[in-house]
Amino acid sequence: MQIGIDFGGTKIEAAALDGNGTIVTRIRRANPGNYDDAVRAVRDLVRMIETTAGRRGTVGVGTPGSVSPTTGVMRNSNSLYLNGQRFREDLSEALMREVRLANDANCFALSEAVDGAGAGSAVVFGAILGTGCGGGLVVGGKLIAGANGIGGEWGHNPLPWPSVQENPGPSCYCGQHGCLEQWISGSGLQRDYLSHARQPMNAVDIIAQARAGNDKAENAFDRFVSRLARALATICNVVDPDVIVVGGGLSNVAEIYERLPGIIRAHVFSDAWSARIVPAQWGDSSGVRGAARLWSLEEALARKDTAFVNPK
Ligand SMILES: [Zn+2]
């Protein structure tokens, strides 16, 4: 049994996968908002699942942020109390077993690569377009977390091929200017609309207005698609994925799949380009599914009957 934890800022969700990849148990609770209670919350969710199932499982955790390779502590998480903590080790101790932990966008990419919209493809790039902009890379079924834990992380690369109006771009909380996250996210679309139309509108309404033929909304959506295509073209020029799986709230906008290929093709360094760009299969479940997949099914089966082992 593979247990996955989706550690979100407002809620913590846990699910167990059986050998067929079917979710057999799924529970969630509110994120308690402080470190010690959060560790206990994860422990209790795993205990509940294992009590229900009557057996132990492997545990993988997906969370915003990542583990610093130099200090071993969490960084860049939007659950700020996690930053500076040895979260993986503390969960291992609380659960008396090795726990694997990965960035939530990496878990999304892994989930879609294993048995989602990217299943069967050699190189899968997962892009999450929500309030922010995250990414993950899976090659040959293996998550590329990277030497420094930033594999697939594209949200704080600058917008490529910027126009004069796009340069230097808005300042970003990371300290840079023009980061992709400031452009190709729901909040980026809203900021762009506001700066051109001089009135606020939320991303859902901008899409609806663009479909209805409103000029300002159409222009904002055109700029959004162009920026997304340029950002993806740089990914294609580096890792040349077979498939790009799009998740997050903006993945529901069907028009992006029709329009992206033509613009990407115009920017990649190749006479032909034919990657598939598809919406995610698993939606909100990709967090728990990908976290569970941080352990392979074979590893989970091998550990089924092992005694409690504390890695410390
Ligand atoms: Zn940034």
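Since every read-out is calculated from the coordinates, none of them should be taken as a lab result. As the structure is a computational prediction, the values presented were derived from the model and not from experiment. In this analysis, Cβ positions are derived from the backbone assuming ideal geometry, glycine residues included, and neighbour counts consider all displayed protein chains.
Annotations for the structure displayed:
- C-alpha long axis of helix 215-239 to longest principal axis of the chain, angle in °: 60 degrees
- Considering only 259, 100, 56, the mean-square fluctuation computed in a Gaussian network model of the chain, springs between alpha carbons under 10 angstrom, is largest for 259.
- Taking Cβ atoms as reference points and 14 Å as the exclusive limit, the residues near residue 177 contribute a net charge of -1, counting Lys and Arg as +1 and Asp and Glu as -1.
- Over segment 119-280, relative contact order from alpha-carbon pairs under 8 Å, at least 6 apart, %: 25 percent
- Within the shell defined by Cβ-Cβ distances under 13 Å, the residues around residue 232 carry a net charge of +4, with Lys and Arg each +1 and Asp and Glu each -1.
- Estimated Rh, the chain: Kirkwood, alpha-carbon pairs, angstrom: 20.2 Å
- Across the chain, Cα pairs under 8 Å and at least six residues apart give a relative contact order of 23 percent.
- Cα-centre dipole for the chain with unit charges at Cβ (Lys and Arg positive, Asp and Glu negative), debye to 20: 480 debye
- Exposure proxy for 5, 23: other Cβ atoms within 10 Å of each Cβ, ordered fewest to most, give 23, 5.
- Dividing the summed helix terms, -39500 (n - 2.57) for each DSSP H run of n ≥ 4, by the number of residues in the chain produces a 222 nm estimate of -11000 deg cm²/dmol to the nearest 500.
- In terms of other Cβ atoms within 10 Å, 211, 293 run from fewest to most in the order 211, 293.
- Rounded tilt (10° steps) of 255-265 against the dominant C-alpha axis of the chain: 80 degrees
- Taking chymotrypsin sites (Phe, Trp or Tyr not before Pro) in DSSP loop conformation with at most 10 other Cβ atoms inside 10 Å as exposed sites, the chain has its longest uninterrupted site-free stretch at 1-172.
- The phi-based Karplus calculation (6.51 cos²θ - 1.76 cosθ + 1.60; θ = phi - 60°) puts the 3J(HN,Hα) values of segment 20-29 at 9, x, 8, 6, 9, 9, 8, 9, 9, 8 Hz, whole numbers, x for Gly and Pro.
- When each of 174, 236 is scored by the number of other beta-carbon atoms lying within 10 Å, the sequence from fewest to most is 174, 236.
- Overall, segment 119-280 carries a charge dipole of about 100 debye about its Cα centre when +1 sits on the Cβ of Lys and Arg and -1 on the Cβ of Asp and Glu, all other atoms neutral.
- Proximal charge balance of residue 7 [Cβ under 10 Å; K/R count +1, D/E count -1]: -2
- On Cα atoms only, tilt of 104-115 relative to the major axis of the chain in degrees: 80 degrees
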